[in-house]
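The values are calculated or read from the model by the stated rules, or taken from the named source; none is laboratory data. None of these values were measured; they are calculated from a predicted model. Cβ: placed from backbone, ideal geometry, glycine included. Neighbour counts: every protein chain shown.
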Amino acid sequence: MTILVTGATGNVGRNVVAQLVARGADVRALARDPAKACLPAGVDVVQGDLLDVDSLRAAMSGVSTLFLLNGVVADEFTQALIALNVAREAGIERIVYLSVIHSDVYVNVPHFAGKFGVERMIEAMGMPATILRPAYFMDNEIQVRDVVTGYGVYPMPIGDKGLAMIDARDVGEIAATELIRREQAGAPLPTIYLNLVGPDILTGADAANVWSDVLGRTVAYAGDDTAGFEQNLRQFMPSWMAYDMRQMAERFQTDGMIPETGDVDRLTALLGRPLRSYRDYVAQITA
């Protein structure tokens with residue numbers, strides 16, 4: 001049977017596809033432009049869009065298991081609901097959905113609230129699923145690398161509560177493990193929720209100290225100015241997205257992203273190895 005991966009050409013999606021291929025799965029990937037997908041040999045890359053119902057129906061034909069990943073876009077919630085409805089029509093009863101940690105807490109952050117709504121749909125419609133709730137991705141730090149290395153300032157206003165950042169490679173491997181588990185089960189498995197977190201809880205000052213240690217020179221934390229953060233983001237993203245990111249940063253400062261008891265041990269056991277650390281990630285992108 002076939003596993004369909006949406007969001008297959010993004011950072012997490014590529015890791016999911018690679019891990020599934022390594023496990024010998026029959027993988028189909030949804031892409032807006034298959035010619036530019038550049039996915040591993042053997043992957044069935046099909047053209048489609050999450051707002052194009054006909055392309056979704058074609059992509060889900062013959063599919064047994066779905067990995068649903070929606071990008072942070074203005075119509076993310078609609079995309080997810082359409083995809084799940086089409087999956088239900090197609091008889092797909094094995095789903096792994098990429099949500100976000102604390103989706104039920106960050107209720108004023110648009111892309112968190114949207115994912116929480118999708119979780120509620122999955123629950124209310126009785127769709128068997130693994131709901132993955134990742135914390136902030138370490139991989140987002142590539143966007144601030146030049147600022148840190150060039151100016152000696154860590155600019156993300158993440159506050160002093162702490163974030164358990166996770167490497168997207170770990171997310172991809174965990175997702176693939178859950179997809180295979182559901183795919184190979186004799187019957188649809190009960191819905192479960194998994195918080196996906198890294199091994200360390202990092203404040204803004206902690207993150208700056210890691211960069212300092214790796215670079216061998218002082219890196220300062222820029223502080224908690226979320227208004228300035230929003231204005232900087234507006235230089236290279238739409239205003240609605242910059243505002244969304246500001247709301248997220250403000251919840252970082254008031255609530256943090258703290259694992260629940262047992263989360264790290266559970267993920268370590270699932271992977272059979274330690275989770276990748278923030279320090280190792282920073283060393284990798286500054287090598």
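From 168, 220, grab the single residue that is aliphatic (A, V, I, L, M) and closer than 30 Å to residue 125 by Cα. It is 168.
The single residue among 193, 221 that is in contact with a Phe, Trp or Tyr (Cβ under 7 Å, 6 or more places away or on another chain), modelled with pLDDT of 95 or more and not polar (S, T, N, Q) turns out to be 221.
When region 88-144 is examined, which residues are found to be touching a residue at least 60 places away in the same chain (Cβ under 8 Å) and among the basic types (Lys, Arg)? 94, 133 - these are the residues of region 88-144 that are touching a residue at least 60 places away in the same chain (Cβ under 8 Å) and among the basic types (Lys, Arg). Out of the residues in region 240-274 that are basic (Lys, Arg) and in contact with a Phe, Trp or Tyr (Cβ under 8 Å, 6 or more places away or on another chain), which is farthest from residue 196 (Cα to Cα)? The residue in question is 246. Counting just the residues of region 10-37 that are more than 17 Å from residue 177 (Cα to Cα) and charged (D, E, K, R), which one comes out surrounded by the most Cβ atoms within 10 Å (Cβ to Cβ)? Across region 10-37, the extreme among qualifying residues is 32. Scan region 109-144 for residues that are under 17 Å from residue 158 (Cα atoms), assigned to a loop (DSSP other than H, G, I, E, B) and not hydrophobic (A, V, I, L, M, F, W, C) and the total you get is 1.
Scanning region 107-134 for residues that are among the small types (Gly, Ala, Ser) and closer than 19 Å to residue 243 by Cα gives 113, 114.
Scanning region 253-287 for residues that are of a type in the set (Gly, Ala, Ser), surrounded by 14 or more Cβ atoms within 10 Å (Cβ to Cβ) and part of a helix (DSSP H, G or I) yields a single hit, 283. Restricted to region 38-54, and to residues there that are more than 10 Å from residue 4 (Cβ to Cβ) and touching a residue at least 24 places away in the same chain (Cβ under 8 Å), the residue that is surrounded by the most Cβ atoms within 10 Å (Cβ to Cβ) is 50. For region 219-237, give me the residue count where each residue is in contact (Cβ under 8 Å) with a residue 12 or more places away in the chain and in a loop (DSSP other than H, G, I, E, B). The number of residues fulfilling the criteria is 5. With the requirement that a residue be in contact with a Gly (Cβ under 7 Å, 6 or more places away or on another chain) and either assigned to a loop (DSSP other than H, G, I, E, B) or acidic (Asp, Glu) (or both), what does region 1-38 give you? Selection gives 7, 10. For region 193-212, indicate whether the set of residues that are surrounded by fewer than 17 Cβ atoms within 10 Å (Cβ to Cβ), within 27 Å of residue 104 (Cβ to Cβ) and among the aromatic types (Phe, Trp, Tyr) is non-empty. Within region 193-212, one or more residues are surrounded by fewer than 17 Cβ atoms within 10 Å (Cβ to Cβ), within 27 Å of residue 104 (Cβ to Cβ) and among the aromatic types (Phe, Trp, Tyr). Checking each residue in region 101-119 for being within 23 Å of residue 181 (Cα to Cα) and surrounded by fewer than 23 Cβ atoms within 10 Å (Cβ to Cβ) picks out only 119.
So is residue 41 over 19 Å from the mean Cα position of the chain (by Cα), small (Gly, Ala, Ser) and outside any loop (DSSP other than H, G, I, E, B) or not? It is false that residue 41 is over 19 Å from the mean Cα position of the chain (by Cα), small (Gly, Ala, Ser) and outside any loop (DSSP other than H, G, I, E, B).
Close Cβ contacts (under 6 Å, 6 or more residues apart or on different chains) running from residues in region 267-287 that are of a type in the set (D, E, K, R) to residues that are assigned to a loop (DSSP other than H, G, I, E, B) comprise 276/167.
Scanning region 74-96 for residues that are in a loop (DSSP other than H, G, I, E, B) and out of contact with any helix residue (DSSP H, G or I) (no Cβ under 7 Å at 6 or more places or on another chain), we see that the one that is surrounded by the most Cβ atoms within 10 Å (Cβ to Cβ) is 93. Can you name every residue in region 167-192 that is free of Cβ contacts under 8 Å to residues at least 60 places away in the same chain and crowded, with 18+ Cβ neighbours inside 10 Å? The answer is none; no residue qualifies. With respect to residue 164, is the statement that it is of a type in the set (Gly, Ala, Ser), within 24 Å of residue 21 (Cα to Cα) and crowded, with 16+ Cβ neighbours inside 10 Å true? So residue 164 does not fit the description; no.
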